[in-house]
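Report on the following structure.
The values are calculated or read from the model by the stated rules, or taken from the named source; none is laboratory data. Values in this document were obtained by computation on a predicted structure and should not be read as measured data. Cβ placement follows ideal geometry from the backbone for every residue including glycine, while neighbour counts extend to all protein chains displayed. Accessible surface is based on the protein model in full, side chains and every heavy atom, while ligands, DNA and RNA are left aside. Shrake-Rupley method; radii C 1.70, N 1.55, O 1.52, S 1.80 Å.
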Amino acid sequence: MYDPKSLRAEDFISDEEIKATLAYAEENKNDLELIDSIIEKAKQLKGLSHREASVLLACENEEKIQQVYDLAERIKKDFYGNRIVMFAPLYLSNYCVNGCLYCPYHLKNKHIPRKKLTQEEVRNEVIALQDMGHKRLAIEAGEDPVNNPIEYILECINTIYGIKHKNGAIRRVNVNIAATTVENYRKLHEAGIGTYILFQETYHKESYERLHPTGPKHDYAYHTEAMDRAMEGGIDDVGLGVLFGLELYKYEFAGLLMHAEHLEAVHGVGPHTISVPRVKHADDIDPDEFDNGISDDIFAKICACIRVAVPYTGMIISTRESKAVREKVIRLGVSQISGGSKTSVGGYYEPEPEDESSEQFDVSDKRTLDEVVRWLMEIGYIPSFCTACYREGRTGDRFMSLCKSGQIQNCCHPNALMTLKEYLVDYASPETRKIGEELIQKELDNIPKEKVRQIARDYLTEIEKNGKRDFRF
Ligand code: SAM
């Protein structure tokens, strides 16, 4: 029976409730009065239930869809301003004992080279990432208790945080590893991770079991209940996501929002982020084999509906998406993107020979970080390398209250400008630097509090003239 407060996966992601939601959405998708009232509710910025949001997703009325897009854009501007947080994935190991049908790291794939970074190689990768300008990483690994035990992951995190090279530093390590125990989550928490990210892949239990035929990941309940264990282990920033293309998107969308509602109901805080990956071509994987692929337009509609349904949750998009798609969805609510990414184990320090690729999937956006940063500024955004919230202890509900109090503009905005300044001084090409310096001058005026504005100006001078780094509000 559907119960958002239950700790059992089958209760809080009730298949019955999702099916009833989809039927309700289908029945009401042309009820313009109801749709108006849902849009009005979303305008209060208090979020929408999975049922309400599913009606918006099902709606086919062009005018109403446009209103949802406009609202998503407005919410994005009001909460996140024009800042886009930058990150990069770092693949530690592609050893994996699971049998996921969509992933090239599956155990039966014998032609992909298996690699696991040594600590020396982690160092090389991180220095290469620091030299690009990155400050925030998401570490990735296959599931393999022998090759990638939690001790290995912890050792890598320790190595990453310990590397001081020129003015570089990785200030936040997010972790995307397989579902694990409360005890291991506690260890990750104590190692100082940022967000724990775990994609559900699909909320549809039967499909989940078919797509994960072998290995520990086969256990739907263990995987779906992972975020509760992570929170029990002390991690209060968790990141949800589904792999779009595996199952019907309307089903996934309702499941995703029900998962968010469950976290809010049980732990008092919803997900910190939601990721929206789509299945990509990879070694041994043809995305056309999964017949639930979605068009770019539907993808944009999903992003807009997520934005209006959970206004306080950051949205992440990776280099799986092309420049054109990224441009479209950044407007509709995406707040974090990766840049200059490699999905291979060891690809940053030394490019891999093509015939020995350990890549997880093909990257669509192949631009360098400098190109992505410049492009963002040219289309009106502030690329931000900020990691302040988590380092100031503003995680979980404390981050949410910052969002809700409207103080973001006095806090995140100057932090974004200062970290951009560091990037421009230390890593940018002359052309990018020129655009960035002009942008910073212009954007300083958008800090509401006079006092904060003055301190930010002083810090910017310290960065430029005295080589100081890592200021934050
Ligand atoms: N092994 C960990 C787990 O089991 O959750 C997570 C790490 S895995 C490197 C990160 C994510 O990549 C997976 O959760 C999956 O959604 C995504 N992924 C796997 N194969 C993919 C493909 N062919 N295209 C796009 N994304 C893929």
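Taking every alpha-carbon pair under 8 Å whose residues sit at least 6 apart, region 118-235 reaches a relative contact order of 27 percent.
Of all the C-alpha pairs in region 84-156, what % are more than 16 Å from each other? Result for the distance tail: 53 percent.
The charge dipole of region 175-246, taken about its Cα centre with unit charges on the Cβ atoms of Lys, Arg (+1), Asp and Glu (-1) only, comes to about 200 debye.
Counting only protein heavy atoms and a probe of 1.4 Å, the accessible surface of region 407-473 is 49% carbon and sulfur.
Loop-located trypsin sites (Lys or Arg not before Pro) across region 55-117 with a Cβ neighbour count of 15 or fewer within 10 Å are Lys108, Lys110, with loop assigned by DSSP. Using the alpha-carbon centroid of each, what span in Å lies between region 109-139 and region 66-98? Taking the Cα centre of each part, region 109-139 and region 66-98 sit 22 Å apart.
Cysteines in the chain that lack a partner Cβ within the 4.7 Å cut-off: Cys59, Cys96, Cys156, Cys303, Cys305, Cys386, Cys389, Cys403, Cys411, Cys412. Maximal additional length on extending the Leu7-Leu154 stretch stands at 50.2 nm, based on 0.36 nm per residue less the C-alpha distance.
Cross-link check: pairs Lys404/Lys468; Lys19/Lys301; Lys166/Lys421; Lys115/Lys135; Lys115/Lys301 evaluated at a Cα-Cα cut-off of 27 Å; pairs beyond the cut-off: Lys404/Lys468; Lys115/Lys301. Simple rule: put +1 on each Lys or Arg Cβ and -1 on each Asp or Glu Cβ in region 116-192, find the dipole, and look at Pro145, Gln130, Thr159; the Cα lying farthest toward the positive end is Gln130. Taking a ≥ b ≥ c as the square roots of the eigenvalues of the alpha-carbon gyration tensor, the chain is classed oblate because a/c is 1.5 or more while a/b is no larger than b/c.
Heavy-atom accessible surface of region 314-378, averaged per residue, reaches 39 Å², computed with a 1.4 Å probe. Give me the log10 of I(q) over I(0) for region 1-126 at q = 0.11, 0.23 Å⁻¹, as the Debye formula computes it from C-alpha points; what are the numbers? Listed by q, the Debye log ratios stand at -0.73, -1.21.
What you get for the chain, charging only the Cβ of Lys and Arg (+1) and of Asp and Glu (-1), is a dipole of about 2060 debye around the Cα centre. Name the residue from Met231, Phe399, Tyr423 whose Cα lies farthest towards the positive end of the charge dipole of the chain, charges +1 on Cβ of Lys and Arg and -1 on Cβ of Asp and Glu. Among Met231, Phe399, Tyr423, the one farthest towards the positive end of the dipole of the chain is Tyr423. Model label points for Lys205 and Lys110, set 7 angstrom from Cα along the Cα-to-Cβ axis, are 3.6 nm apart. Adding -39500 (n - 2.57) for every DSSP H run of four residues or longer, then dividing by how many residues the chain holds, sets the calculated 222 nm ellipticity at -14500 deg cm²/dmol. Taking a span of 15 Å or more along the helix axis (Cα atoms) and a mean Kyte-Doolittle hydropathy of at least -0.5 as the rule, the DSSP H helices of the chain that qualify are 32-43, 150-162, 249-267, 296-309, 408-426.
FRET efficiency for the Asp288 to Glu73 pair, using the beta carbon distance and R₀ = 25 Å, is estimated at 0.15.
Summarising the amide proton neighbourhood of Leu90: residues at separation of 5 or more, or on other chains, whose placed amide H is nearer than 5 Å comprise Ala138, Ile139, Glu140. Rounded to the nearest 0.05, what FRET efficiency is calculated for Arg472 and Asn30 with R0 set to 60 Å and r the Cβ-Cβ distance? My answer for the efficiency is 0.75. According to the square roots a ≥ b ≥ c of the eigenvalues of the Cα gyration tensor, what is the shape class of region 362-423, taking rounded for a/c under 1.5, prolate for a/b larger than b/c otherwise, and oblate for the remainder? Prolate, since a/c reaches 1.5 and a/b exceeds b/c.
The Asp362 and Thr461 beta-carbon pair, evaluated with R₀ = 41 Å, returns a calculated FRET efficiency of approximately 0.40.
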